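Data block below; observations after.
Values quoted throughout were computed directly from the atomic coordinates according to the rules given, and no laboratory measurement underlies them. All figures in this text were calculated on a predicted structure; none of them were measured in a lab. In this analysis, Cβ positions are derived from the backbone assuming ideal geometry, glycine residues included, and neighbour counts consider all displayed protein chains.
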Amino acid sequence: MGRWLQIQQCPLDNMTDSLRDYTNLPEAAPLLTILDMSARAKYVMDVEEITPDIVEAFVNDFLLDKLKPEPI
């Protein structure tokens, strides 16, 4: 089974607030997160700065099942 991955930078607005509330995400910014809605899981990386290298490593770890999921 293949995976579909979407990367999105979200502005601070009502939609972001609703998503943070629904998934119980912290109010921290920046926040690097993968939401797996079909598995009702989230993966959160606490970083001071989001760089392309950090995103690539985070996504690769997710795709290789190296990250520990947290329930949504």
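For segment 27-70, applying the loop criterion from DSSP together with a ceiling of 14 other beta carbons within 10 Å to the GluC sites (Glu not before Pro) yields Glu27, Glu48, Glu49. Counting beta carbons within 10 Å around each of Arg20, Arg40 and listing the fewest first gives the order Arg40, Arg20. Is the shape of segment 14-71 rounded, prolate or oblate, going by the alpha carbon gyration tensor and its root eigenvalues a ≥ b ≥ c, with a/c under 1.5 for rounded and a/b larger than b/c for prolate? Here segment 14-71 falls in the oblate category. Phi angles of segment 58-64 translate, via the Karplus equation with coefficients 6.51, -1.76, 1.60 and θ = phi - 60°, into HN-Hα couplings of 5, 5, 4, 4, 4, 5, 8 Hz per residue; Gly and Pro are given as x. Note on Ala28 and Glu49: the model spin-label points, each 7 Å out from Cα along the C-beta direction, lie 1.7 nm apart.
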